[in-house]
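Peer 1: Got a structure for you, questions after.
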Amino acid sequence: MIKTDAIIIGAGPTGLFAVHQLGIIGLQCEVIDNLDRAGGQCIELYPDKPIYDIPAISECTGEELTNGLLKQIKPFKINFHLSQRVEEIKQENNLWILKTNKGNLFLAPNIIIAGGVGSFEPRKLSLKESEKFEGSQVFYSVTNKALFKNKKVSIFGGGDSALDWALELAKVNEITLIHRRNDFRGAPHTLSEIKKKEKEGKITIKTPYNLKSIEGEKTMTGIEIEHEDGKLEKIKTDYILSFFGLIMKLGPIADWGLNINNKTIPVNTETFQTNKEGIFAIGDICSYPGKLKLILSGFHEAALAARACFKRAKPNERYRFEFTTASKNIHDRLGLKK
Ligand SMILES: Cc1cc2nc3c(=O)[nH]c(=O)nc-3n(C[C@H](O)[C@H](O)[C@H](O)COP(=O)(O)OP(=O)(O)OC[C@H]3O[C@@H](n4cnc5c(N)ncnc54)[C@H](O)[C@@H]3O)c2cc1C
């Protein structure tokens, strides 16, 4: 059981800035995110797109903003618990116990939900049989590419992830790239590299095809794909990798007894507390009159929620407002040398 002052659910821009706001007032926190990296929508949906409305930064990409936020919280040496989804929350006296889908347990007086539009999850294959092989022969992300060495891999999808992995894995094995349309959405440069590999016989491209069935009882031995004109084709396959993009689900947050309104959590704008004492909601997931789903609003909300966490984390201490420019305490917490 990990004990801390506050647990932050979501490592998007709002969750990352909440780490900073907790850190400068001397509170510890742990951050949990379902994705395998920090950055939320900025890193997952628009890493290369420029943002023009971050105060004092005329232009930065989603990735640059994330890197900036990560750099700013470096002094606090925070633990990130990535690739895990918060599933359960329960109360014990004045504290909250939180459990992730990997079985990790956390204990804290405060929870800050910075869950955005919910957890990002892969859009799965619609074929029911695929569930049986999920995690053994059917994957929606690559965590260990050595698994695919010298194996027959069928990759589904037409975007960057499908093209990038087809190219990467073609270095060590036979790849079939299958897409339901003739046109690929991925980067033109990657596509031209793939076409070269096709000529060399390293990648077979099948379009416009859909997955029709999976062969094999305990072990998948092959797949059958269907052309849009109805023609069927069998392909020997050891592994399926499917990249149909991400969907956003409010997921378990909806089951924690919080007031939910139109997939958002109403909050008190003085503290950003929800209807549960010690549970705060900030960023895109919270709602109140006049709410703007902008990063800068999330930053303000993080500042107020962090101060409200102080009272519950250190009930015997008085919170004192201090400017970062002038506070020796804050400078010490930031590890600044005089
Ligand atoms: C294409 C696009 C362009 C945009 N451009 C701008 C712009 O120019 N300016 C601007 O201000 N805003 C812009 N936005 C909006 C901005 O990205 C969001 O307002 C911002 O990302 C919200 O931040 P957040 O931290 O609240 O949530 P998110 O960025 O959505 O992050 C939430 C995180 O919580 C995680 N999570 C959720 N539930 C769980 C759970 N149960 N367990 C574990 N993890 C969980 C998710 O995996 C996710 O990583 C844009 C959005 C899009 C899609």
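Peer 1: Confirm whether Ile279 is closer than 18 Å to Ile112 by Cβ and within 12 Å of the ligand (Cβ to nearest atom).
Peer 2: When the stated conditions are applied, Ile279 does not pass them.
Peer 1: For region 15-34, indicate whether the set of residues that are aromatic (Phe, Trp, Tyr), crowded, with 17+ Cβ neighbours inside 10 Å, more than 20 Å from the chain's Cα centre (by Cα) and under 26 Å from Ile111 (Cβ atoms) is non-empty.
Peer 2: Within region 15-34, none of the residues are aromatic (Phe, Trp, Tyr), crowded, with 17+ Cβ neighbours inside 10 Å, more than 20 Å from the chain's Cα centre (by Cα) and under 26 Å from Ile111 (Cβ atoms).
Peer 1: Does region 312-328 contain any residue that is more than 22 Å from Gly251 (Cα to Cα) and among the acidic types (Asp, Glu)?
Peer 2: Yes, region 312-328 has at least one match.
Peer 1: Please go through region 32-64 and give me each residue that is more than 9 Å from the ligand (Cβ to nearest atom), closer than 21 Å to Phe120 by Cα and in contact with a strand residue (DSSP E or B) (Cβ under 8 Å, 6 or more places away or on another chain), ordered by number.
Peer 2: Selection gives Pro47, Asp48, Thr61.
Peer 1: Evaluate the following for Ala11: is it on the phi > 0 side of the Ramachandran plot, at pLDDT 95 or above and within 14 Å of the ligand (Cβ to nearest atom)?
Peer 2: No; evaluated as a whole, the condition is false for this residue.
Peer 1: Go through region 264-308 residue by residue and tally those that are in a loop (DSSP other than H, G, I, E, B) and within 27 Å of Glu92 (Cβ to Cβ).
Peer 2: Of the residues in that region, 10 qualify.
Peer 1: To continue, here is another question. Can you pull out the residues in region 53-74 that are in a helix (DSSP H, G or I) and surrounded by fewer than 17 Cβ atoms within 10 Å (Cβ to Cβ)?
Peer 2: Of everything in region 53-74, those that are in a helix (DSSP H, G or I) and surrounded by fewer than 17 Cβ atoms within 10 Å (Cβ to Cβ) turn out to be Glu63, Asn67, Gly68, Lys71, Gln72, Lys74.
Peer 1: From the set of residues in region 78-121 that are closer than 20 Å to Ile25 by Cβ, assigned to a loop (DSSP other than H, G, I, E, B) and more than 20 Å from the chain's Cα centre (by Cα), which is nearest to the ligand (Cβ to nearest atom)?
Peer 2: Restricting to residues being closer than 20 Å to Ile25 by Cβ, assigned to a loop (DSSP other than H, G, I, E, B) and more than 20 Å from the chain's Cα centre (by Cα), the top hit is Pro109.
Peer 1: Sticking with this one: Could we say that Lys124 is within 12 Å of the ligand (Cβ to nearest atom), among the charged types (D, E, K, R) and in a loop (DSSP other than H, G, I, E, B) here?
Peer 2: Against the criterion (within 12 Å of the ligand (Cβ to nearest atom), among the charged types (D, E, K, R) and in a loop (DSSP other than H, G, I, E, B)), Lys124 does not qualify.
Peer 1: Restricting the first residue to region 175-187 and requiring it to be in contact (Cβ under 8 Å) with a residue 40 or more places away in the chain and in a loop (DSSP other than H, G, I, E, B), which pairs with a second residue that is surrounded by fewer than 20 Cβ atoms within 10 Å (Cβ to Cβ) and not polar (S, T, N, Q) meet a Cβ separation below 7 Å and a spacing of at least six or different chains?
Peer 2: Arg180/Pro208
Peer 1: Let me ask something else about it. Output the residue which, of all residues in region 77-111 that are within 19 Å of Pro13 (Cβ to Cβ) and at pLDDT 95 or above, is surrounded by the most Cβ atoms within 10 Å (Cβ to Cβ).
Peer 2: Looking at residues that are within 19 Å of Pro13 (Cβ to Cβ) and at pLDDT 95 or above, I get Ile111.
Peer 1: The conditions are (1) without any contact (Cβ under 8 Å) to a residue 60 or more places away in the chain; (2) closer than 18 Å to Ala6 by Cβ; (3) in contact with a Lys or Arg (Cβ under 8 Å, 6 or more places away or on another chain), and Asn316 fails exactly one of them. Which is it?
Peer 2: Looking at each condition in turn, Asn316 falls short on (3).
Peer 1: Considering only region 289-318, how many residues are over 26 Å from Thr66 (Cα atoms) and surrounded by 15 or more Cβ atoms within 10 Å (Cβ to Cβ)?
Peer 2: Adding up the residues that qualify gives 4.
The values are calculated or read from the model by the stated rules, or taken from the named source; none is laboratory data. All values derive from a computational prediction rather than experimental measurement. Note that each Cβ is placed from the backbone with ideal geometry, even for glycine, and that neighbours are counted across all protein chains shown.
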